[in-house]
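Computed from the coordinates by the stated procedures, all read-outs in this text should not be read as laboratory data. Please read these numbers as outputs of a predicted model, since none were measured by experiment. Here the Cβ positions follow ideal geometry from the backbone for every residue, glycine too, while neighbour counts run over all protein chains shown.
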């Protein structure tokens with residue numbers, strides 16, 4: 001299974017041009033992905049740089065024939081003009097899908113600090129070699145460290161909850177109702193833009209070992225102590241003077257040994273972040 005994760009910055013490149021077609025083209029060049037996880041996807045935000053005033057999930061669906069695309073809006077609001085606007089993350093896959101869930105992440109007040117709501121989209125899919133895999137994609141708060149830590153803890157707890165369901169499933173049912181048996185798995189990928197670096201406490205929180213199910217940084221599994229390849233501020237230094245790595249892929253206990261390859265595309269400027277490819281076998 002090949003997965004690409006990318007903060008696409010509402011499909012706006014460093015040239016100021018909004019182009020979902022370019023995002024898909026660059027992601028395909030990085031790898032023939034089975035799963036594409038994108039953060040910062042917009043619906044009807046014409047005041048964003050480059051004018052993201054269109055329905056980007058719909059546009060992306062048209063660019064990915066043979067894929068199903070699931071969009072989770074962290075922000076859903078109506079402007080003074082009555083326009084419906086959404087901003088969030090999406091997962092597109094050509095693999096069979098068992099079920100989908102969208103989870104709002106904690107949003108504790110942080111007086112005077114710029115922020116927005118955040119969420120995590122979870123798609124449980126069936127890979128022919130791996131079986132059921134739970135793919136989780138997210139984008140954590142950038143400005144508020146208080147909110148970001150709360151969200152990191154919630155993601156770890158969410159993973160533990162899913163693992164517990166796999167170990168202790170609910171009462172089985174085949175009655176065709178919403179109570180019918182769901183497919184639960186402890187094989188999981190958590191990916192996205194976390195807005196923290198590997199030396200920060202939020203990273204330590206997500207990777208903190210647990211008997212109920214731990215999450216492991218795929219870069220560390222495959223590259224040991226080698227410095228992470230930068231994924232942000234590589235070409236655009238508006239948000240800081242030095243490149244950093246803040247886009248991660250975490251794998252669950254039983255999936256980390258199936259990691260085969262991880263690559264960061266450090267060349268593209270189709271977004272202010274760099275896309276990351278992981279391959280599992």
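Observations
- Within region 159-171, the set of residues being assigned to a loop (DSSP other than H, G, I, E, B) and either surrounded by 10 or more Cβ atoms within 10 Å (Cβ to Cβ) or in contact with a strand residue (DSSP E or B) (Cβ under 9 Å, 6 or more places away or on another chain) (or both) comprises 169, 170.
- Condition check for residue 150 on (1) surrounded by fewer than 19 Cβ atoms within 10 Å (Cβ to Cβ); (2) out of contact with any strand residue (DSSP E or B) (no Cβ under 8 Å at 6 or more places or on another chain); (3) farther than 27 Å from residue 13 by Cα: one failure, at (1).
- Members of region 213-265 that are closer than 22 Å to residue 157 by Cα, under 18 Å from the mean Cα position of the chain (by Cα) and in contact (Cβ under 8 Å) with a residue 60 or more places away in the chain: 218, 247, 249, 250, 251, 252, 255
- When residues in region 76-127 are screened for being in contact with a helix residue (DSSP H, G or I) (Cβ under 9 Å, 6 or more places away or on another chain), surrounded by fewer than 19 Cβ atoms within 10 Å (Cβ to Cβ) and either in a loop (DSSP other than H, G, I, E, B) or at positive phi (or both), 7 of them pass.
- Complete set of residues in region 204-227 that are touching a strand residue (DSSP E or B) at 6+ places or on another chain (Cβ under 8 Å) and closer than 27 Å to residue 9 by Cβ: 206, 207, 215, 217, 218, 219, 222, 223
- Screening 105, 95, 125, 130 for residues that are within 23 Å of residue 281 (Cα to Cα) and under 16 Å from the mean Cα position of the chain (by Cα) leaves exactly one candidate, 125.
- Residue 172 vs. criteria without any contact (Cβ under 8 Å) to a residue 24 or more places away in the chain and within 30 Å of residue 15 (Cβ to Cβ): no
- Filter result (part of a strand (DSSP E or B) and closer than 22 Å to residue 263 by Cβ) within region 20-65: 35, 36, 37, 38, 39, 40
- Number of positions in region 246-261 that are surrounded by fewer than 21 Cβ atoms within 10 Å (Cβ to Cβ), in contact with a helix residue (DSSP H, G or I) (Cβ under 9 Å, 6 or more places away or on another chain) and not in a helix (DSSP H, G or I): 4
- The set of residues from region 191-203 being buried (at least 16 other Cβ atoms within 10 Å of the Cβ), in a loop (DSSP other than H, G, I, E, B) and either in contact with a strand residue (DSSP E or B) (Cβ under 9 Å, 6 or more places away or on another chain) or in contact (Cβ under 8 Å) with a residue 24 or more places away in the chain (or both) comprises 194, 195, 196, 198.
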